[in-house]
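Enquirer: There's a structure below that I have some questions on.
Taken together, the values in this text are just the output of simple stated rules run on the coordinates, not laboratory data. As the structure is a computational prediction, the values presented were derived from the model and not from experiment. Note that each Cβ is placed from the backbone with ideal geometry, even for glycine, and that neighbours are counted across all protein chains shown.
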Amino acid sequence: MSKTDLYPRIKSRGAVFLDRDGTIIREVNYLSRLADIELLPRAAAAIAELNRLQVPVILVSNQSGIARGKFNLDFVDAAHRLLQEMLTRDGAHLDDFFFCPHHPTAGQAPFKKVCDCRKPEPGLLYAAAARHQLELTQSYVVGDKLLDIELARRVGGKGLLVETGHGLREKEKISAGEIEPDFIAADLYDAVNWILTDLEKGK
């Protein structure tokens, strides 16, 4: 069976959820300038492969810089528009964007609050599932922090840690008893290859 034959099963089952900073784009510590947005090597190619198979690819990101006053909602929207434009130039696209602007202790109201959307809380995934009719237990979460792996666990999906961004530092925590990913990938492209192989096994 070819990879393109995966589509009917994938579409009805799940999606691939991607963290943003350190996973798709370079980590710059509270991105606040559009000029600092830089796609990581092979990230667009990885997303394009999922697009080719019509697997939903959805960004889910904590953006507590909004609560902390480092940037505002309009900036995040502009950053995501630019990110989409950059991906489109490389033949790829994200199907949707979800982000949490909150922080439980930093900043000012209305963004200083305990919420259900700050990863690893699963609110962003539930919102995406409702909008796109997704089965979260058949989905994957890819990110450079172990909280992305915890997020996957909370919805019954699979979590992959990439070694880009904060990934290598987060990887060191695993031996100390932290949650263990389903796979540790060199980068997003490596992660997507693992996901496609895993989907083949589930046929």
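Enquirer: Hey, what do the phi angles of region 100-114 turn into as Karplus ³J(HN,Hα) couplings, whole Hz, using 6.51/-1.76/1.60 and θ = phi - 60°, x for Gly and Pro?
Expert: Once θ is set to phi - 60°, the couplings for region 100-114 become 9, x, 8, 8, x, 10, 9, x, 10, 4, x, 8, 7, 6, 7 Hz.
Enquirer: Then there's this: Using 7 Å Cα-to-Cβ label points, what is the residue 126/residue 52 separation (nm, one decimal)?
Expert: 3.7
Enquirer: Further question on the same structure: How big is the charge dipole of region 9-201 about its Cα centre, in debye rounded to the nearest 20, if each Lys and Arg gets +1 on its Cβ and each Asp and Glu gets -1 on its Cβ?
Expert: On the way: 25 positive and 28 negative charges, 94 e Å.
Charge dipole, region 9-201, about its Cα centre: 460 debye, nearest 20.
Enquirer: For the chain, modelled as a GNM with alpha-carbon contacts under 10 angstrom, which of 27, 121, 172 fluctuates the most?
Expert: 172
Enquirer: Quickly rank 41-48, 75-82 as a protection proxy: mean count of other C-beta atoms within 10 Å, highest first.
Expert: 41-48, 75-82
Enquirer: Let me have the 222 nm mean residue ellipticity of the chain computed from DSSP H runs of 4+ only, each contributing -39500 (n - 2.57), with the sum over all residues rounded to the nearest 500.
Expert: -11000 deg cm²/dmol
Enquirer: Given the convex hull over the Cα atoms of the chain, what projected area results after averaging over all orientations, in nm²?
Expert: 10.9
Enquirer: Around residue 166, what is the net charge, scoring Lys/Arg as +1 and Asp/Glu as -1 over all other residues with Cβ under 15 Å from its Cβ?
Expert: Net of charged neighbours comes to -4.
Enquirer: With a 10 Å Cβ neighbour count serving as the proxy for reagent exposure, in which order, fewest first, do 61, 139, 32 appear?
Expert: Lowest count first: 32, 61, 139.
Enquirer: Another question, then. So what's the gap between the Cα centers of region 12-26 and region 136-203, to the nearest angstrom?
Expert: 10
Enquirer: If you don't mind, another one. Using Cα positions and a limit of under 15 Å, work out the aspartates and glutamates in reach of residue 113, with same-chain residues fewer than 8 apart set aside.
Expert: Once the sequence-local aspartates and glutamates are set aside, what remains near residue 113 is 121.
Enquirer: With a cut-off of 8 Å between alpha carbons and a minimum separation of six or more residues, what is the relative contact order of region 20-170 in percent?
Expert: 21
Enquirer: Now for a different question. How far is it, in nm, from the label point at residue 115 to the one at residue 88 when both lie 7 Å from their Cα along the line to the Cβ?
Expert: 2.6
Enquirer: Each label point is 7 Å from the Cα along the Cα-to-Cβ direction; what then is the distance between the points at residue 73 and residue 45, in nm?
Expert: It works out to 3.9 nm between the two label points.
Enquirer: Which FRET efficiency value, to the nearest 0.05, do you get for residue 173 and residue 108 by plugging their Cβ-Cβ distance into 1/(1 + (r/R0)^6) with R0 = 41 Å? Working shown, then result.
Expert: Numbers: r = 31 Å, r/R0 = 0.76.
So, using R0 = 41 Å, E works out to roughly 0.85.
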